Each structure stands twice: as structure tokens, then as C-alpha cells.
């Protein structure tokens, strides 16, 4: 693992443990990291997830395609975000979503099958992982509730405020899908914001 990845992992874990930096560094050095090219499909809709991820560098899209071929983007994961598809409630354990790399990406890769072995080797990781998932899930729930209750233009403005760099990193038709609008509506919103003197169309 390169020096930058180790430092990022140490920074991520530090709030959740009392381990010394030397111990954290030794642990981080044992965590598997992989590089994926842009366009790599990490998980295909309908397959059974075997891995979870943490983004050190890059952008990952979570999306689904209906039987009629309609594609919907549900989330973009970027630096310092974890990716786990929770599907244990599904009878066949299959995923409702696909995961794809929108950029060349560097990811921590966890094997779900070896989760028990990892916790046995590093007992504190069970608490660390649970605390991180609970924190992330709470943030996602609150953000999604606010997102769905807002108007499309407010969703876009919120995205600009909270994740400004994302706008330039993802294709506009995927961004429109994530915002729940058409690409044409997104273009109109951007034009209104670029030219505030233009009266809003109700």
C-alpha cells in the first residue's frame, strides 16, 4: 500500500479507536487496496455482493436498470466514503444495484466472506465498523429525507453546496437522474442560475 493510502486509512480510523499511531499504521498496512480503471463494473445488478469498498480516490456510481431499460442513478461515492450493498433482507441475497467506476479509482477492498476472520484477528474493528456504518447511515437517511422533500432546483443547489466538485466529475445525464429530473430540466436550472435575471418558469 502506498504512503498516501496508509495515511488516509489512519485518519479514517483514528476517531474510532485508542490505538497508537504506530499500531494504526501497522493495521492500515495490512488492509487490501486495489486500483480499478474507469468503466470497471464492481458489482452487477442481480448478482450476489461479495465485497465492500472504501474510496481512497475516485468516483463510483450506484445505479439500477428496470426491465424496460430505464436507468436510475441512486448515489455517487467519492473520496472517504464507504460502499456496502445491504441485501440480507433479500431472499436470494442478490443486489438491486450495480456499482461502476466513473473514474480511475483506488479502493480499499473488503471480502464479506472473511469478515468474521478479520474481526477475530482485530477485535476492535467490529466496533469501529459498526460505528462508522451507523454514522454514515444516519447521515444518508437525513440527507435523503431532505433531498426528497425539496424542489429540483433546491436539490441542485444543495448538491453544489455540499459536494461542489461532484458536478464536474459525473456525466450530466447521470447527475440529472440522481436529482430526479430530466437532462433538459437540469440544463434549464443551470441556465437560470447562471443568469439570475431570467425569470423562473413556474
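The values are calculated or read from the model by the stated rules, or taken from the named source; none is laboratory data. Bear in mind the structure is a predicted one, so any value in this text is a computation, not a measurement. Cβ placement follows ideal geometry from the backbone for every residue including glycine, while neighbour counts extend to all protein chains displayed.
A few comments on the model shown:
- For segment 4-15, the set of residues classified as surrounded by 12 or more Cβ atoms within 10 Å (Cβ to Cβ) and within 14 Å of residue 80 (Cβ to Cβ) consists of 5, 7, 8, 9, 10, 11, 12, 13, 14, listed by residue number.
- Residue ID - surrounded by the fewest Cβ atoms within 10 Å (Cβ to Cβ), chosen from residues in segment 46-63 that are more than 14 Å from residue 85 (Cα to Cα) and either in contact with a helix residue (DSSP H, G or I) (Cβ under 9 Å, 6 or more places away or on another chain) or at pLDDT 95 or above (or both): 57
- Residue check for residue 43: buried (at least 17 other Cβ atoms within 10 Å of the Cβ), in contact (Cβ under 8 Å) with a residue 12 or more places away in the chain and more than 21 Å from residue 112 (Cα to Cα): no
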